[in-house]
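Following: one structure in structure tokens, then a few remarks.
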Amino acid sequence: MKSWKFLLITGRSLKQGQAAEQGKFSPEYINETTTVEIGKEDAEKLGLSDGMEVKLKNTCGEGIFHVRISQGLPSGILFIPYGPSANLLIPAETGGTGMPGCKGIDVELLKER
Amino acid sequence: METISATCPFCGCLCDDIQIVVENGKVLEVKNGCSISKTLFTHHDPDDLVPQIEGKKASLEEALDRAASIIRQARFPLVFGLSMTSCEAQRKAVELAEFIGGNIDSTSTFCHGPTTLAMQSVGEPTCTLGEIKNRADLVVFWGCNPVEAHPRHIARYSVSPKGLFNPAGRRGRTVVTVDVRATPTARVSDIFLQIQPHKDYEVFEVLRALLKGKDLRIDSVGGIPLDALKDLVNKMKSCKFGIILFGMGLTMTRGRHLNIEAAISLVRDLNQFTKFLIIPMRGHYNVTGADAVLTWQTGYPYALNFSRGYPQYNPGEFTTVDLLRRKEVDAALILASDPMASLPRQASSYLEEIPFVVLDCRKSYSASFATVFIPVAASGVSISGTAYRMDGVPVLLKKVLDSPHPTDEQVLDGILKRLRQR
């Protein structure tokens, strides 16, 4: 497997909000919260296209996500909507504030050759 | 068929102009709501839920008995959630936490907890959303994306509406977005400043230095050209009424509460030149209420512990992610939240090692792992009550549909009565 380093940002998406109201076990929610967005330039460089599966891992855990190419992301940044899958990659250390760092997390993206 | 007025119990906007067309207990149409609000009301299906003990169907009485037994046997229990229920239920949760000498914490702990820390340090120059609508001519969205997270905020309060002192509506406002991503909110803004991750604190301090007339020998900070920041400072100084609306992009990134302290300090400095204010964009519809209720009940907004018989407040020690990560609590009572979906897995996985009770109006990840699950009526759908909008304005939640289930408040009261009978 080839791997590349990225910074991961997690956050809200409209589809994630809607799908949570359809049900946390709905295909819509599971699909949206296992999506990773990547900038167009990075996707071209890595040979990724919409719907392709990639593995993301770091010291917290790992998960399989499917790719969605986004116009709005700068190079080197990935985005995953909030949900149980994104939380596999978020460190629980809070630095004495109670708040885990859910944005700007080091992750490795792995792709089958 | 009848049309019922409702308040949407989804996000901190608490839109109270929703009209719901109902026939035979079913929602036919949701008028005025955003796409999330429409889904919330049309997908509400309380009949699908039954009380469960260890995954098996149980009566409400059996579930209450078992819930009370779990809490009675615990030496260091946690009461957690609170943000998607009414203030009345939140008040009852505080009463229960105090009686059992446990911890109590809301979802503020992992949304705007750092904002509270900052406000305790440097104050809160704030206003209502109505004042933004009527007065603001400069709106800065920093680390938030209302187009997706608070879908009607822009149309109802902050950008589009015509106000008393802004009759031109959208044309009378300059809208700036500062974010790492070019979000849909950035795309509807006049100016988008793309900031590098973890650089918010530096950019706020540079803005403060520029405001004070300092000569800075740098070309850019946080990926933003200095000239763009000089232009922003000029716009901030010359506007009549400016507002910074900020989200998790500041609270969850490096610096956390220090980012908010820097943002508030900038706003404080700007008031030497013009009227400038700041409001956090609160997510869950009554997370602001959780802060308010805990504060007027105990003196503190979240991260509370009653084990000494009086409230102790200490974020980092009594905050949920820390209590779970360090495996300190030995039982939990969760209401109006889904920590197994929304907390880091490194913390939430510990819930599988301890008995815990979940009160929820829908099937959630936490409910499916709970030792005891008690379905409750949804506040703002099946029961009325009070909730606080993101600007601290209390709004009435209204009943739209009947529910076969008790309220959060009634279930908490049932558990409390059992604990007191001992």
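Bridges between two residues of the protein assembly as shown, per DSSP, are antiparallel at a rate of about 50%. Buried by at least 30 Å² relative to the chain on its own: which residues of region B:177-219 qualify, computing accessible area with a 1.4 Å probe on protein heavy atoms? Buried on complex formation: B:VAL180, B:ARG181, B:PRO197, B:HIS198. Helical content of chain B, expressed as a calculated mean residue ellipticity at 222 nm, amounts to -10000 deg cm²/dmol (DSSP H runs of 4 or more residues, -39,500 (n - 2.57) each, divided by residue number, nearest 500). Lysine pair count for region B:113-280 (Cα-Cα distance under 25 Å; residues 8 or more apart in sequence or on different chains): 29.
Between the C-alpha center of region B:68-85 and that of region A:30-47 there is a gap of 40 Å. Extension gain for B:GLU2-B:ASP231 works out to 77.1 nm (0.36 nm per residue, less the C-alpha to C-alpha distance). Using a 1.4 angstrom probe on heavy atoms only, work out the carbon and sulfur share of the accessible area of the protein assembly as shown in %. Summing carbon and sulfur atoms, their accessible area is 47 percent of the total for the protein assembly as shown. Of all DSSP-defined beta bridges confined to chain B, some 40% are antiparallel rather than parallel. The A and B chains share an interface that buries close to 3700 Å² of accessible area, total over both sides, probe 1.4 Å. Each Cα pair under 8 Å and six or more residues apart adds its sequence gap; the mean of these over the residue count of region B:113-280 is a relative contact order of 31 percent. Think of each Lys and Arg Cβ as +1 and each Asp and Glu Cβ as -1; about the Cα centre, that makes the dipole of the protein assembly as shown roughly 1040 debye. Residues of region A:70-107 whose accessible area, computed with a 1.4 Å probe over protein heavy atoms, drops by at least 50 Å² once all protein chains are present relative to their chain alone are A:GLY72, A:PRO84, A:ASN87, A:ALA92, A:THR97, A:GLY98, A:MET99, A:LYS103. Farthest toward the dipole's positive end in region B:113-280, which of B:ILE132, B:ALA149, B:SER189, given Cβ charges of +1 (Lys, Arg) and -1 (Asp, Glu) about the Cα centre? In region B:113-280, that residue is B:ILE132.
Among the trypsin sites (Lys or Arg not before Pro) in region B:307-388, those located in a DSSP loop and surrounded by at most 13 other Cβ atoms within 10 Å of their own Cβ are B:ARG308, B:ARG326, B:LYS327. Just to be sure I understand the interface: list residues from region B:344-380 that lose 30 Å² or more of accessible area between the chain on its own and the complete protein assembly, 1.4 Å probe. Hits at the 30 Å² cut-off: B:PRO344, B:ARG345, B:GLN346, B:ARG362, B:LYS363, B:TYR365. Cross-link reach is defined here as a Cα-Cα straight distance under 21 Å, omitting same-chain residues fewer than 8 places apart; for A:LYS15 the lysines meeting it are A:LYS24, A:LYS40, A:LYS103, B:LYS31, B:LYS38, B:LYS363. For GluC sites (Glu not before Pro), the sites in region B:52-87 that DSSP calls loop and that have at most 14 other Cβ atoms within 10 Å are B:GLU54. Computed over protein heavy atoms with a 1.4 Å probe, the accessible surface of chain B works out to 38 Å² per residue.
Summary value for chain B: 26 percent relative contact order, contacts being C-alpha pairs under 8 angstrom separated by 6+ residues. Placing +1 on the Cβ of every Lys and Arg and -1 on the Cβ of every Asp and Glu, with no other charges, gives chain B a dipole of roughly 980 debye about its Cα centre. Give the percent of DSSP beta bridges with both residues in region A:1-100 that are antiparallel, rounded to the nearest 5. Counting DSSP beta bridges with both partners in region A:1-100, the antiparallel share is about 40 percent. Shown here for region A:1-66: chymotrypsin sites (Phe, Trp or Tyr not before Pro) in loop regions (DSSP other than H, G, I, E, B) with at most 13 other Cβ atoms within 10 Å, namely A:PHE25. Over region A:3-111, accessible surface divided per residue gives 38 Å², non-protein components excluded, 1.4 Å probe. Each other residue within a Cβ distance under 15 Å of B:ALA336 adds +1 if Lys or Arg and -1 if Asp or Glu, for a net charge of -2. To the nearest 10, the accessible area of B:GLU202 is 70 Å² with a 1.4 Å probe. Rounded to whole Å, give me the distance from the Cα center of region B:255-333 to that of region B:29-52. Spelled out, the Cα-based centre of one part sits 30 Å from the other.
The values are calculated or read from the model by the stated rules, or taken from the named source; none is laboratory data. Computed from a predicted structure; not experimentally measured. We place every Cβ from the backbone using ideal geometry, glycine too, and count neighbours over all the protein chains shown. Just so you know, the surface numbers come from the protein's heavy atoms only, side chains and all, with ligands and any DNA or RNA stripped out. Shrake-Rupley method; radii C 1.70, N 1.55, O 1.52, S 1.80 Å.
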